[in-house]
Amino acid sequence: MVAKKNPRREIWGYVPAVVSPFNAAGDLMIDRFAEVVQWHLDRGADGICVAGDNGEAWSLDAEDRKQLAETAVGVANRTAHITMGVSATTARQTITNAAIAAEAGVDSLMITPQSYVMKASHGEILRRYKAINKAVPLPILLYNSPRRTGGVNIDIDTLGTLCDALPVIGIKESSRDFFHQSHVIRHFAQRISVLIGPGHYVFPGLALGATGFLATGAEFLGDAVRRIQPLAAVKPSDEARDLHHALTAVYETLMSIGTWPAAVKAGLNMIGVPAGVPREPVEPLSTRDSRKLQGVLDKLGLLGGATKKRASQ
């Protein structure tokens, strides 16, 4: 992995978006969450993303957010960068979420452009981020995922403006447009951390110069996740190609079944990580989809070393 410098101020390498374990009644299992965070750190995570899409951020109330942030910060104990998703449609609600995260001691705030309204001008995006940063002046990890924000995209010009005006330390680039991803890496990788989102773009993105990856699927690759970044930096070997294809297969399967993040929670439970079940309105995977996911993981040899499956609570 990339040599560590200052985990409190920088974000790089492998940064998993961790799940928020709930029981069948929809209650947050905070002890299980601590286990999940530690599990990722033990497997080489350079940072932790709390309350992202995998963390079912849309379902979290203020107390949930407080407990998750404080627990992640406590478990990491300043050895890894903790970023927390705080996005909401309005700047006002995002500021409320950001204040909770800041009080808990996270290192940065992961923030998308405004969602739901389906459209935002360059000026509207800039004013939103400025208002949030003025109220809660923590480093910002931009999160660009147009499919999560109704098509609102952080284009190259807007990204440059945001970097000029605000304490931006990185961007989680999750657009499905690899032309756009390539331009972001080319123009900004020497200035901020560029973290690749989609699993099937991780190897080509790192090979082009991205700083790391905040991608779902890597957590299923076991200790091999530590090898992704160094392998991607050199001419692809058989091992690199195999890991790329495994990561792509896992990611493609996770994205094709259930309602997110039901699939990633089911998969984590299959490999022995206490992920719990999704919170309403998301339902657990169907039996058919569970079998499909289990079949893919088994075919790739990713279930053999799993600890005894923990029953959902």
Notebook entry, point to check: In the stretch 224-259, what count of residues is obtained for those that are at pLDDT 90 or above, within 26 Å of residue 285 (Cα to Cα) and not hydroxyl-bearing (Ser, Thr, Tyr)?
Noted result: 11
Margin query: Kindly evaluate residue 268 against the criterion of being at pLDDT 95 or above and either within 26 Å of residue 175 (Cβ to Cβ) or crowded, with 23+ Cβ neighbours inside 10 Å (or both).
Written below: yes
Check: Given the residues 80, 76, 98, which is the only one that is more than 15 Å from the chain's Cα centre (by Cα) and over 17 Å from residue 30 (Cα atoms)?
Finding: 98
Check: Of all residues in the stretch 34-49, which are over 13 Å from the mean Cα position of the chain (by Cα) and under 20 Å from residue 64 (Cα atoms)?
Finding: 34, 35, 36, 38
Margin query: Test of understanding: among 193, 182, which residue is in contact with a helix residue (DSSP H, G or I) (Cβ under 7 Å, 6 or more places away or on another chain), of a type in the set (Gly, Ala, Ser) and either at pLDDT 95 or above or at negative phi (or both)?
Written below: 182
Item checked: Residue among 306, 215, 311, 207 that alone is among the small types (Gly, Ala, Ser), modelled with pLDDT of 90 or more and assigned to a loop (DSSP other than H, G, I, E, B) -> 215
Notebook entry, point to check: When residues of the stretch 119-148 are filtered for being more than 24 Å from residue 186 (Cα to Cα), of a type in the set (Val, Ile, Thr) and not in a helix (DSSP H, G or I), how many remain?
Noted result: 1
Next item on the list: Could you list all residues from the stretch 166-196 that are closer than 19 Å to residue 107 by Cα and among the aliphatic types (A, V, I, L, M)?
Entry: 166, 168, 169, 171, 192, 194, 195
Next item on the list: Could you figure out which of (1) over 29 Å from residue 229 (Cα atoms); (2) of a type in the set (S, T, N, Q); (3) without any contact (Cβ under 8 Å) to a residue 40 or more places away in the chain isn't true of residue 59?
Entry: (3)
Next item on the list: Please enumerate the residues belonging to the stretch 234-274 that are out of contact with any His (no Cβ under 7 Å at 6 or more places or on another chain), assigned to a helix (DSSP H, G or I) and β-branched (Val, Ile, Thr).
Entry: 250, 253, 264
Notebook entry, point to check: Which one is nearest to residue 37 (Cα to Cα) among residues in the stretch 50-64 that are in a helix (DSSP H, G or I) and more than 16 Å from the chain's Cα centre (by Cα)?
Noted result: 64
Notebook entry, point to check: Taking the condition assigned to a loop (DSSP other than H, G, I, E, B) and either among the hydroxyl-bearing types (Ser, Thr, Tyr) or farther than 23 Å from residue 147 by Cβ (or both), does residue 231 pass?
Noted result: no
Notebook entry, point to check: Looking at the stretch 247-264, is at least one residue at positive phi and within 19 Å of the chain's Cα centre (by Cα)?
Noted result: yes
Notebook entry, point to check: Which condition breaks for residue 209 when tested against (1) in contact (Cβ under 8 Å) with a residue 40 or more places away in the chain; (2) surrounded by fewer than 17 Cβ atoms within 10 Å (Cβ to Cβ); (3) of a type in the set (Gly, Ala, Ser); (4) over 24 Å from residue 303 (Cα atoms)?
Noted result: (1)
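The rows are residues; the columns are (1) more than 18 Å from the chain's Cα centre (by Cα); (2) within 25 Å of residue 253 (Cβ to Cβ); (3) of a type in the set (D, E, K, R).
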residue: 124; (1), (2), (3): yes, no, yes
residue: 138; (1), (2), (3): yes, no, no
residue: 145; (1), (2), (3): no, yes, no
residue: 152; (1), (2), (3): yes, no, no
residue: 157; (1), (2), (3): yes, no, yes
residue: 170; (1), (2), (3): no, no, no
residue: 173; (1), (2), (3): no, yes, yes
residue: 193; (1), (2), (3): no, no, no
residue: 199; (1), (2), (3): no, yes, no
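Listed here are the residues, each with its yes/no results for (1) over 22 Å from residue 210 (Cβ atoms); (2) loosely packed, with under 14 Cβ neighbours inside 10 Å; (3) not aromatic (Phe, Trp, Tyr).
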site: 138; (1), (2), (3): yes, no, yes
site: 147; (1), (2), (3): no, yes, yes
site: 159; (1), (2), (3): no, no, yes
site: 163; (1), (2), (3): no, no, yes
site: 172; (1), (2), (3): no, no, yes
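The values are calculated or read from the model by the stated rules, or taken from the named source; none is laboratory data. Note that this is a predicted model, so its numbers are computed, not measured. Every residue, glycine among them, receives a Cβ derived from its backbone with ideal geometry; neighbour counts consider all protein chains shown.
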